[in-house]
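Input: a single structure, listed below in C-alpha cells.
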Amino acid sequence: MAQYMDPDLPVKNEFPDQADRSFSLPYNSVELEEQIKPALNPKEVIWEKTKQCCKSSPGKCGNFLFELFPVLTWLPRYKVKEYLLGDIVSGLIVGIVTIPQAIAYSLLASQDPIYGLYTNFFCCIIYFLMATSRHNCVGTFGVLCLMVGESVNKQLRAAGFPEEGDIILNSTLSTNGTVCGRGCYAIMVATSLTFMAGVYQILMGLLHLGFISMYLSEPLLSGFVTGSSLTIVTSQIKYLLGLKIPRRDGAGSLIMTWIDVFSNLSKTNICDLLTSAVSIIVMLPIKQLNDKYKSKLKVPFPVELFVIIVATLVSHYCDFNGKYKSSICGTIPTGFKVPKAPDWGLIPKIATDAIPIAIIGFAMTVSLAEIFAKKHGYTISTNQEMIAIGMCNMVPSFFYSFASCAALAKTLLKESTGANTQLNGIVTSIVLLLVLLAIAPLFYSLQNCILGVITIISLKGAIMKIGDTPKMWRISRIDTVVWWVSMLASALISTEIGLLVGVCFSMLCVIIRTQRPRATILGHVSGTEIYEDQLKYKELDNVPNIKIYRFDGSLYYANKDYFKSTLFRKTGVNPSIVLALQRKAKKKEAEANMQTKYNFFSKLNVIKTICKPHEPIEPSIPTITVHSLIIDCGAMQFVDSVGLSVLKEVRNDYEEIGVWVFLANCNPSVRRILHRGEFFSSANNSACVQAFHSVHDAVTFAERKFRNKTRLNNTELFSSTVDGNHEGTKL
C-alpha cells in the first residue's frame, strides 16, 4: 500500500547515485492542483442578481410570507386524527398550570396579577403563528420576570414613587396631562422594556445573529438560572412571612434582603406564615410524586391550581385579610384594556436594561427548541425562532404585557402530556381567555403568600442543580468553575452584571485553554502506525533517536512562548543552550591550540590556574542522541504569522545543532500559510520534503534519511582512511 507525503511538495531523491537507489524512499508523490475560483466582475454580478430579483419577485414574496408565518406550511397538512387529541389535552393541562404561575410571576415583575395573564395569552397566539418549534411553551419565565422587576423598581424610584413596604401607597405621577399611579407607571415601564427587547430580538433574527447564542454555554446558562433563582426565592420570602419590607435591587440585593428579613422577623404575620407552611407541606410531596411517576402518569396532578382554589376559598370565608391583615391579590379586572403604545420617553432610560433580557430570552427559547427538535426528529430555524420570540415581546407590549420566553418546566410538561404541534398553544390561550373574561375576579381573596410558595416550588429544580457540583467536577473542572462563577455573580451582584461576568469569565477560560493547551511526546504502538501520548498510555515504544512532539492547540501569538518552552522541556534539548555551549567549547579549543604554540602563554596559564584554584569548571557539551524532531500539527486549527515565525525559528535552531525538523498532519489551511510564508523554500537543510500527511510517514522518512547519511559518512571515512594510508606509504 503506497504511503503519501504532502501533495503540495515534490519528491526529490537526496541520493541520486546508482549505488544509493536501493535506499530510495518508498513514497509516491501526489500532485494536486488547487481549485482557483475565477475573478468576479462586480457589474456582471449586480446585473445577474437584478435580473433574478425581477423575475422571481412574486415567488420570493410568497416564500418570505411562508418563512415568516410557518403556520401556513404545516397547518394545511395537519393530521387531525393523529395530532388533535394530544394537542387539546396538552393545551388544557398547560393552560391550567399557567394560571397560577402567571399570577405569581406578576408579583415578581412588580406588576398587577392581570398583566401576567395578558402576557401568556398573547404570546401563545403569536408563537403559534410564527414558530418552528412544536414543543416550546412560551410565557412568563422567572428569570425574565426578575430582570423586568429590577428595571421597573429602578424607574419607580427614579420617578419618586415610594417603596412597596412604605406606608404611602397612593402616590401618583402626572404623565402627558393624566394622573398615573404606581401600578400604572410600573406597567408603562414594563411594556417599554418589553418593546425594546422584542426589537432587539427581531433585529438579531433578521441579521442572522443566531450564532450569538453559542457564546452562552450550557454551564453558563445553568449557573445564571440557578443564581437568579436564588435571588427570586429571596425576593419571595417576604410574602411567605407577610413582611412589609422594600424590594432590594442592584448589587448585593440578596444579602441586603436577608438582612431586612431577619431585622423584621418579629413583624411576621402568623396567618401568612402558617398558610405558607401548610401549602409547602401539601405541594412538595405531590410535586415529587409527579416527577417520580411522570412516565406512568399521563396527566400530572395540577397541585398548584388545587392549592390556589382551596386557599382562595379558605381565605375568603375566614376573612384572613380583615381579621389578620393578610396580604391578598385584591381586585383583578376582567376583559382587555384598550391597546396603548409604549411610553417613548422611557425608551432611552431602559434601552440598556432590555439588552440582557433580549439575550436571555432568545437563548432560552432557541436552546429548548433545539433540544426537543432533536429528540422528536424535526428541524427548526434559529433565526425564525428569534423573530418569533421577538414578535411575542414587541406586539404584546401594546396590550399591557411584559417580557416572555420559552420556559423549561412548562415545555417539559407540554412535551410529556402529548403535544404534537404548535396548535396546543391556541388551546392554552382559550383556557386563559376564559380566566380573563370570567374567572379572574374569583381570585380576589387569594393570599400573596400562596403565590410566593408557587414561585419558590417551581424553582426547586434549578436550585437543586447545586447538588450536581460533584458530578460536574468529575466531568469538567473548568465548566464547574464557570457554573459557580456565573451562579455567584448572578446571585450576589445582580442578574445583568452576573450574565456579563459569566460570559467574560467563560471566554477567558477559552483563551486560557488555547494559551496553554496540552503538549506531550508521542510513543509508537507496536505493530501499528499509531502514535499516542506516552504519559497517558502504557506499553508504548520510544522511537530511537526521534522525538515526536504534539501540540494540542492552534499556534498563534498568545501561546508562542508556551509552545517553545514545552517543546524544549519535553524533548530535553534546548538548541540555544546547546549551540552556546558548542560555540564556547570551540572557542576554548581554539585558545588551547594557541597556547600549545606559545610556551610562555601556557606557563602563564598554569600560574593563573594555581592562583585561581576555585575557578568553576566549564560545563561539558551535552550529548545529543536525537537526529530528528517531528511536530504533530494535527490539533492545530490555524497558525498565524507569529506562529509561522516560531516554526521557522525552531526549525533553524534545531538544524544548527544537527537535528532535522519535520511537520506532520498539517491541515490545508496550515499548509497554505506555510507555503505563503516560504517555510519550505527557506529551509536550511537539503531535503525538500518537510511536511507529511501522517506521523508514521515522517518517522519512516527520518529513519531512512539517517541511515543513508550514516552510510555515506562511513563511506567517506573509509575513503579518506585509504587515501591517507596510501599517501603515507608514498612518503
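Computed from the coordinates by the stated procedures, all read-outs in this text should not be read as laboratory data. Note that the coordinates shown come from a computational prediction; the quantities given were computed from them, not determined experimentally. Backbone-built Cβ (ideal geometry, glycine too); neighbour counts: all protein chains shown.
For residue 625 and residue 208, what does the FRET efficiency come to when R0 = 56 Å and r is the distance between their Cβ atoms, rounded to the nearest 0.05?
The formula returns an efficiency of 0.50 here.
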Place a point 7 Å from the Cα of residue 77 along the Cα-to-Cβ direction; which residues of the range 367-402 have their backbone N under 12 Å from it? 379
Anything over 26 Å Cα to Cα? Flag those among 587/709; 538/705; 287/471, in the order listed. 587/709; 538/705
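If Lys and Arg each add +1 and Asp and Glu each add -1, what is the summed charge of the other residues whose beta carbon sits under 13 Å from the beta carbon of residue 398?
+1
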Answer with one residue from 356, 416, 372: the one whose Cα lies farthest towards the positive end of the charge dipole of the range 327-434, charges on Cβ with Lys, Arg +1 and Asp, Glu -1. 416
Relative to a virtual label point 7 Å from the Cα of residue 434 in the Cα→beta-carbon direction, which members of the range 317-332 show backbone nitrogen distances below 12 Å? none
Can you compute the FRET efficiency between residue 69 and residue 313 using 1/(1 + (r/R0)^6), with r the Cβ-Cβ distance and R0 = 35 Å? Round to the nearest 0.05. 0.20
Length gain on complete extension for the stretch residue 592 to residue 516, per 0.36 nm per residue less the alpha carbon to alpha carbon distance? 22.8 nm
Computed over all unlike Cα pairs, the Kirkwood hydrodynamic radius of the range 181-293 in Å stands at 18.0
Give the distance, in whole Å, between the Cα centre of the range 415-462 and the Cα centre of the range 344-413. 19
Work out, step by step, the length gained on full extension between residue 641 and residue 568: first 0.36 nm times the residue separation, then minus their alpha carbon distance; give nm to one decimal. 24.2 nm
Separation between the residue 507 and residue 675 pseudo-spin-labels, each 7 Å from Cα along Cα→Cβ, expressed in nm? 3.5
Given a cut-off of 22 Å, name the pairs among 238/460; 564/586; 560/648; 414/460; 374/410; 267/323 whose C-alpha atoms lie farther apart than that in the structure shown. 564/586
Given just the C-alpha atoms of the range 517-577, how large is their convex hull per residue in cubic angstrom? 91
Taking a point 7 angstrom from the Cα of residue 667 along the C-beta vector, which residues in the range 520-559 have backbone N less than 15 Å away? 551-556
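Between residue 255 and residue 585, what length comes free when the chain is fully extended (0.36 nm per residue of separation minus the Cα-Cα distance, one decimal in nm)?
That works out to 111.9 nm of additional length.
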With the dipole of the range 445-558 worked out from charges on the C-beta (+1 for Lys and Arg, -1 for Asp and Glu) around the Cα centre, which of 505, 548, 558 lies farthest toward the positive end? 505
Give me the one-decimal nm value for the distance between modelled label points at residue 44 and residue 469, 7 Å along each residue's Cα-to-Cβ direction. 6.5
Looking at 452, 399, 388, which one has the Cα that reaches farthest to the positive end of the dipole of the range 371-480 (charges on Cβ: Lys, Arg +1; Asp, Glu -1)? 452
Mind giving me the FRET efficiency for residue 323 and residue 158? R0 is 30 Å, r the Cβ-Cβ distance, nearest 0.05 is fine. 0.20
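Of all the C-alpha pairs in the range 225-359, what % are more than 22 Å from each other? Can you show the working numbers first?
Numbers: 5510 of 9045 pairs.
Summing the P(r) tail past 22 Å for the range 225-359 gives 61 percent.
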Would you work out the charge dipole size for the range 63-164 about its Cα centre, treating the Cβ of every Lys and Arg as +1 and the Cβ of every Asp and Glu as -1, and quote it to the nearest 20 debye? 360
